[in-house]
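Take a look at the structure set out below.
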DNA sequence: CGAAGATACGGACCCAGGGTCCGTTTACTC
DNA sequence: GAGTAAACGGACCCTGGGTCCGTATCTTCG
């Protein structure tokens, strides 16, 4: 390992910041009203500590997102079916999308914060590439499936945080949304059913 | 009409602002580096004039977007096939999506500016509702097509400005992108072909 | 255990950029 | 051509991301 272990207080503060940010994003109305100063205060820490530890706002949000996403990532990479790698493609595709959808529902404001972070498009985040690669590869396992690359992008676009948020705001329930997504995904896979 | 006609200089300035903004967005690298002050200067106008005429940044971008979109809107509402209302649903759906895609390609930065306008999600703009309603209705014309509402959202998500931008940046050509979108759309309509 | 060096801290500070205020100018009306 | 309403413009304000630097804290090693 090339990294030396960080100082104890630094590690503690890092956790405090992530926890505070999580709390604030979870309980706010719109993510952009959570300010960096707010997070610092809530974490009982100076502003500079945020920037020292996470570079900038985007970095903090991504770090937070990443920690929340980790369990799912793990489940996808080496968990059991229907998310894990041993799942047949026809079942894994809808399972992956459903997992993304549920994640966005469970972390609505955080996801909105991440994807709506102004300049930095969602497509420049590593985790997007990961999702896309994963889905892409699964689609390609379907023999004769053409355009898997674009299809993966398009399917992920269907579960973007702001769209999900919009639909929820319009009164669509979690289960209804999941059913609609499943039906839509089914259409894409249709001819292979 | 309840509106009185505006003063001549006001009308002239309005046009100058729209023209300047269009020019700046078209020639910039990223839309957020076009500042309101820049637009004012380029239009030979004071900043307050921008805000007086368009309320805020979002308002200006929307107004500009709207004027550029108008021809297409017209073509969709009462033009000839394949965009116009007399087109059979099976052909109109891909035509509509292709039109959206081409528009975003032709007005890349403007579209990015509109959809990435931070707080105001793309889903709160009137023109989105219009596109969605239109597509929704066409999909519903396909007998037995379920989930037209969600499908319309999902299909439109596949041509969001930042995704299109991302794919173009990755080297995908206009024609390739159009072909992929057509194939993807075909999948959605698949069982009705 | 205590001092030296490295590391982290925090809040005052900076600055860009969106949005506003108000004294002045300009276009219509009679 | 005078009077009025509408529009103008740029100085100004303020929020919020990001930085600076003197101070406090951890760690290490004698």
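Bear in mind that the values in this text are calculations on the coordinates, not laboratory data. As the structure is a computational prediction, the values presented were derived from the model and not from experiment. Cβ coordinates were reconstructed from backbone atoms using ideal geometry, including for glycine residues, and neighbour counts include every protein chain displayed.
Between the label point of residue A:129 and that of the same position in each other copy, find the distances and list them shortest first in nm, with every label point placed 7 Å from Cα along the Cα-to-C-beta direction.
Values, ascending and in nm: 4.0.
What are the label-to-label distances in nm, one decimal and shortest first, from residue B:16 to the same spot in the other copies, with labels 7 Å along Cα to Cβ?
So the label point of residue B:16 gives 5.5 nm to the other copies.
Taking a virtual spin label 7 Å from the Cα of residue A:36 along the C-beta vector, which residues in region B:114-153 bring their backbone nitrogen under 13 Å of it?
Hits in region B:114-153 for residue A:36 at 13 Å: none.
Helix-only mean residue ellipticity at 222 nm, the protein assembly as shown, DSSP H runs n ≥ 4 weighted -39,500 (n - 2.57), per residue, nearest 500. What is it?
Roughly -22000 deg cm²/dmol at 222 nm, from the helical runs in the protein assembly as shown.
Enter the mean number of other protein chain beta carbons within 10 Å of the beta carbon of each residue in A:160-167, as an integer. Present the calculation step by step, with values, prior to reporting the outcome.
On the way: counts 8, 1, 7, 9, 1, 2, 6, 4.
Average per residue, whole number: 5.
Helix A:8-27 sits at what angle to the longest principal axis of chain A, using alpha carbons and giving 0 to 90 degrees rounded to 10?
60 degrees
By counting other Cβ atoms within 10 Å of each Cβ, how are B:159, A:138 ranked from fewest to most?
Ranked by crowding around the Cβ, least crowded first: A:138, B:159.
Output the direction-averaged projected area (hull surface divided by four) of the convex hull of the alpha-carbon atoms of region A:1-54, in nm².
4.2 nm²
Above 16 Å lies some portion of the pair distances; for region B:75-164, what is it as a whole percent of all C-alpha pairs?
When every Cα pair of region B:75-164 is considered, 55 percent fall beyond 16 Å.
Which residue is it, in chain A, that holds its beta carbon closest to the axis of the A-onto-B rotation, and how many whole angstrom away?
A:157, 2
Show me, bin by bin at 20 Å from 0, the whole-percent P(r) of the protein assembly as shown based on Cα pairs.
Once binned at 20 Å, the Cα pair distances of the protein assembly as shown give 25, 54, 20, 1.
Could you tell me which of rounded, prolate or oblate describes region B:1-110, using a ≥ b ≥ c as the square roots of the eigenvalues of the alpha-carbon gyration tensor, with rounded for a/c under 1.5 and, failing that, prolate when a/b is larger than b/c and oblate otherwise?
Taking the square roots of the gyration eigenvalues as a ≥ b ≥ c, region B:1-110 is oblate.
Picking from B:169, B:56, B:106, which is most flexible by a Gaussian network model of chain B using Cα springs under 10 Å?
Of B:169, B:56, B:106, the most mobile in the Gaussian network model is B:169.
Does anyone have the angle between helix A:89-106 and the longest principal axis of chain A? Alpha-carbon axes, 0 to 90°, nearest 10?
Rounded to the nearest ten degrees, it is 30.
From the Cα gyration tensor of region A:93-140, with a ≥ b ≥ c the square roots of its eigenvalues, which class applies: rounded if a/c is under 1.5, or else prolate if a/b is larger than b/c, or else oblate? Intermediate results must be reported in sequence, preceding the final value.
Working: a/c = 3.76, a/b = 1.35, b/c = 2.78.
Oblate.
From the label point of residue B:51, set 7 Å along Cα to the beta carbon, how far off in nm is each other copy's matching point, shortest first?
So the distances to the same position in the other copies read 2.6 nm.
Take every Cα pair under 8 Å in region B:1-54 that's 6+ residues apart, average their separations, divide by the length, and report that relative contact order as a whole percent. Walk me through the numbers before you get to the answer.
Working: 30 pairs, mean separation 18.4, N = 54.
Worked out over region B:1-54, it gives 34 percent.
Viscosity 0.692 mPa s, temperature 37 °C: what is the translational diffusion coefficient of chain A from Stokes-Einstein with a Kirkwood Rh over Cα pairs, rounded to a whole number of µm²/s? Please report the intermediate quantities before stating the final value.
Details: Rh = 18.1 Å.
The Stokes-Einstein estimate is 181 µm²/s.
Before anything else, pin down the relative contact order of region A:97-193: Cα pairs under 8 Å, at least 6 apart, normalised by residue count, whole percent.
Once normalised by length, the contact order is 39 percent.
Return a whole-number percent for the relative contact order of chain A, with Cα pairs under 8 Å and 6 or more residues apart as the contact set.
This gives 19 percent for chain A.
Could you let me know the centre-to-centre spacing of region A:101-115 and region B:20-97, using Cα atoms, in angstrom?
Going from one Cα centre to the other spans 29 Å.
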